[in-house]
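The values are calculated or read from the model by the stated rules, or taken from the named source; none is laboratory data. What you see is a predicted model; the values in this text were computed from it and never measured. Here Cβ is always computed from backbone atoms with ideal geometry, including for glycine, and neighbour counts include all displayed protein chains.
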Amino acid sequence: MTDRLIALEVLAALKRSPIGDTAVLVGSSGLFGFATSVPALTEDIDVAIPEEIVVTDGPAIVEALTREGFEHEAGTATFVSAARGISFDLLGHGDPERGDHIGGAGLLRVMVFEDISRIVGEKQATMALVDGGRTLTPAGFVATKLLTERAHKGAKDKIQALLVMAEHVNEAGFETELARLLADIDPVRIEDLRAGAQDAFLALERDPLFTDAGAEGYAPVLRQAEIGLERLLTLVELRHG
C-alpha cells in the first residue's frame, strides 16, 4: 500500500519535469491531499495532468522521470521505481465533451476520462499543495468517486465517497459545492450514482468482512458510511428530485 509521503514524492518528481505544478492527485490517491481518516487502501498513485502537456512534451516527460529513477512501462502511462517500491499512473484531463479517449501520441499516451476532466477542470474542485502540485478538494474527491463506474473495486469507490461525506457533514459549504459539481450531470447518471452508493453500502452492511477487491479495511466504519449515504440521498433528492 502507498501512503501520503509516497504521493508527495511522486508530485515532487513530476514538478521537476515539464508537468511542473499542474499534476493533480486523483483516484484513491486524492485522500492523501486533504485531512481525512479514510484509508486509501491503494497500491499505486494516480495523477491527472493536462492532456495538452502530454501532446507537446510526452518524450520530455518520460526522459525527466527516467532521470528521477522511474522506469516507464512501454505502451502504458505507468512509471515504476522498484528500488523505492513506488508505482504511479499518469492520467489526462481535457475537454469533457470529447468523452473518454486516449491522449497523446508516440512514447507517452494516457487515458483521458470525461468525469475526471469535468471535475479537475473546475478550478474550485482542486487546491494547491504546499510542496507543489495539486489535489482534489474533499467535494471534488467525492464527486469523482461517485461518478466512477467500474466493476473492479467499484464498491470501494462509493464507500470512500460516503465516508468523506460523513466527515464533512457539518462543514458549511461542502454539500453546496458537491451539488454544484454534480449539477450538470445527466439525470440518468444521477440515478446510477444513487443506486451505486446504495449498493455499496448494502454490500458493506451484508458482509462484515467486505472482501470486495482492496476494500476489506472498511468493515469497521458501517455507521459512518450510513451517515454519508443519508446525506447523499438527501442532497440528490433536493437537487435532482
Return a yes/no flag: does segment 96-105 have any residue that is in a helix (DSSP H, G or I), of a type in the set (D, E, K, R) and touching a residue at least 24 places away in the same chain (Cβ under 8 Å). no
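Conditions tested, residue by residue: (1) farther than 19 Å from MET127 by Cα; (2) of a type outside the set (Asp, Glu); (3) at pLDDT 95 or above.
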site: LEU11; (1), (2), (3): no, yes, yes
site: LEU14; (1), (2), (3): no, yes, yes
site: ALA23; (1), (2), (3): no, yes, yes
site: GLY30; (1), (2), (3): no, yes, yes
site: PHE34; (1), (2), (3): no, yes, yes
site: THR42; (1), (2), (3): yes, yes, no
site: ILE53; (1), (2), (3): yes, yes, yes
site: PHE70; (1), (2), (3): yes, yes, yes
site: GLY75; (1), (2), (3): yes, yes, no
For segment 117-146, name all the residues that are farther than 15 Å from LEU91 by Cβ, over 12 Å from the mean Cα position of the chain (by Cα) and crowded, with 19+ Cβ neighbours inside 10 Å. LEU129
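A quick yes/no check of all residues on (1) aliphatic (A, V, I, L, M); (2) closer than 14 Å to ALA23 by Cα:
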residue	(1), (2)
VAL62	yes, no
PHE70	no, no
VAL80	yes, no
ALA83	yes, no
PRO96	no, no
GLY99	no, no
ALA105	yes, no
VAL120	yes, yes
ALA143	yes, no
Which residue, of ASP3, ASP46, is of a type outside the set (Ser, Thr, Tyr), crowded, with 17+ Cβ neighbours inside 10 Å and closer than 28 Å to MET165 by Cβ? ASP46
Could you tell me whether THR176 is among the hydroxyl-bearing types (Ser, Thr, Tyr) and touching a helix residue (DSSP H, G or I) at 6+ places or on another chain (Cβ under 7 Å)? no
